[in-house]
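To start, the structure itself, in structure tokens.
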Amino acid sequence: MAQRTAAVQRDTLETRISVRLNLDGSGETAIATGVPFFDHMLDQVGRHGLIDLNVRADGDLHIDAHHTVEDVGIAFGQALAEALADKRGIRRYGHAYVPLDEALARVVVDFSGRPGLVHAVDYRRARIGDFDTDLIHEFLQALVNHARITLHVDSLRGRNAHHIAETVFKALGRALRMAAEADPRAAGQLPSTKGAL
């Protein structure tokens, strides 16, 4: 299987976003969105997903972080879809359980070609430092819509909002990694009875 890479540039009146990724990387990341906690979370996705991930964002942070976080989700989703190409020979489904101290998250992904998100997480407070926890849903919804994947995200337990969020993003990276892996038994087949994903 050839290396699966993509580069997406998204420029609007609100943000300028650049995302480059390599699904067959080693987890090298370079993240600069202007939103430090979000950078930390995206770093978890790359490192635990073994996705080389370069994200640059220049957004209207003088208003708030909403447009930046959502537009990074859009560009990341587009890059993921581009890198997966026709999806032949991949596992298609991935899942991960990730603990961090008292917190435990489960993330399940299907590269289905159909956008769908279930995000059943109570972050226990509205902000982690300066970061609005509502924006995690906005990021995931944008990712799902533009990568055209089905994603279930569940927090099974946790008290500390930072721990809860970090388990979600680490598990997202691990689940994406599993679903995107080459299946040695698939021999380039499309993992669908429909003949299309």
Restricting segment 72-181 to trypsin sites (Lys or Arg not before Pro) in coil, as DSSP defines it, with at most 10 other Cβ within 10 Å
ARG159
Of the candidates SER155, SER26, SER18, which one comes out as most mobile in a Gaussian network treatment of the chain with C-alpha springs shorter than 10 Å?
SER26
Relative contact order computed over the chain (Cα-Cα under 8 Å; 6+ residues apart), in percent
26 percent
Determine the shape class of segment 68-197: with a ≥ b ≥ c the square roots of the Cα gyration tensor eigenvalues, call it rounded for a/c under 1.5, and otherwise prolate if a/b is greater than b/c, oblate otherwise.
prolate
Classified through the alpha carbon gyration tensor (a ≥ b ≥ c as square roots of its eigenvalues; rounded if a/c is under 1.5, else prolate when a/b is larger than b/c, else oblate), segment 86-154 comes out oblate
Using alpha-carbon positions, the gyration tensor of segment 85-126 gives root eigenvalues a ≥ b ≥ c; with a/c under 1.5 called rounded, otherwise prolate if a/b exceeds b/c, else oblate, the class is oblate
Under the Karplus relation 6.51 cos²θ - 1.76 cosθ + 1.60, θ = phi - 60°, what is the ordered set of whole-Hz ³J(HN,Hα) values for segment 50-65, x standing for Gly and Pro?
6, 9, 5, 9, 10, 10, 10, 9, 10, x, 7, 5, 5, 8, 5, 8
Under the 0.36 nm per residue contour assumption, what length would be gained going from the current alpha-carbon distance of ARG157 and ASP58 to full extension?
32.2 nm
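No lab work stands behind these numbers, since they all come straight from the coordinates. Owing to the predicted nature of the structure, the values given are computational and were not obtained by experimental measurement. Note that we place each Cβ from the backbone using ideal geometry, even for glycine, and neighbour counts take in every protein chain shown.
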